[in-house]
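What follows is one structure encoded as structure tokens, with my remarks underneath.
Just so it is clear, none of the values below were taken in a lab; they were calculated from the coordinates. None of these values were measured; they are calculated from a predicted model. Neighbour counts run over all protein chains shown; Cβ positions are idealised from the backbone, glycine included.
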Amino acid sequence: MAINYYTEDIKLPPIKKRIVSSWIKEVVSLFEKKIGNISYIFCSDEKILEINKQYLNHDYYTDIITFDYAEKDIISGDIFISIDTVKSNSEKYKTLYIEELHRTIIHGILHLCGVDDKGPGEREIMENYENKALLLLPAEAYKNR
């Protein structure tokens, strides 16, 4: 099984794939789950809006859309991430772009592990898991290539 990184209409963001993939596996193991096939597709705002309209009937931009194909304790899915929105979120929340990118990457994994963020109090739970996961990410992931 594998974690793959793709792009659609943009350049691949500056992530260290090997380090990030190991980190994802570590976070998934905390939920007593295993990695199946995970595909990250990094794209523009326009592409994520198109996906949001086509598959979810939502007419708005977002930073991430996660399609969950998990079976029992094996997580699999397609995770679309808008780099444009990640950049604007990093400005809005006054965080480093690479930190916001890592937060968004793990956000999709947390969804696949069963963490929701739409109901009452769930957003805070999601943020707590994101923060704990970010503490597990090795410092090398933040260094320039």
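Observations on the model:
- Between Ser82, Ser76, the distinction of being among the small types (Gly, Ala, Ser) and surrounded by fewer than 21 Cβ atoms within 10 Å (Cβ to Cβ) belongs to Ser76 only.
- When region 113-145 is filtered for residues that are assigned to a loop (DSSP other than H, G, I, E, B), among the charged types (D, E, K, R) and either out of contact with any helix residue (DSSP H, G or I) (no Cβ under 6 Å at 6 or more places or on another chain) or under 15 Å from Glu100 (Cα atoms) (or both), the ones remaining, listed by number, are Lys118, Lys143, Arg145.
- Test for Asp45: is it out of contact with any Cys (no Cβ under 8 Å at 6 or more places or on another chain), acidic (Asp, Glu) and over 20 Å from Leu112 (Cα atoms): yes
- Among the residues examined, Ile35 does not qualify as within 25 Å of Leu136 (Cβ to Cβ), without any contact (Cβ under 8 Å) to a residue 24 or more places away in the chain and surrounded by 17 or more Cβ atoms within 10 Å (Cβ to Cβ).
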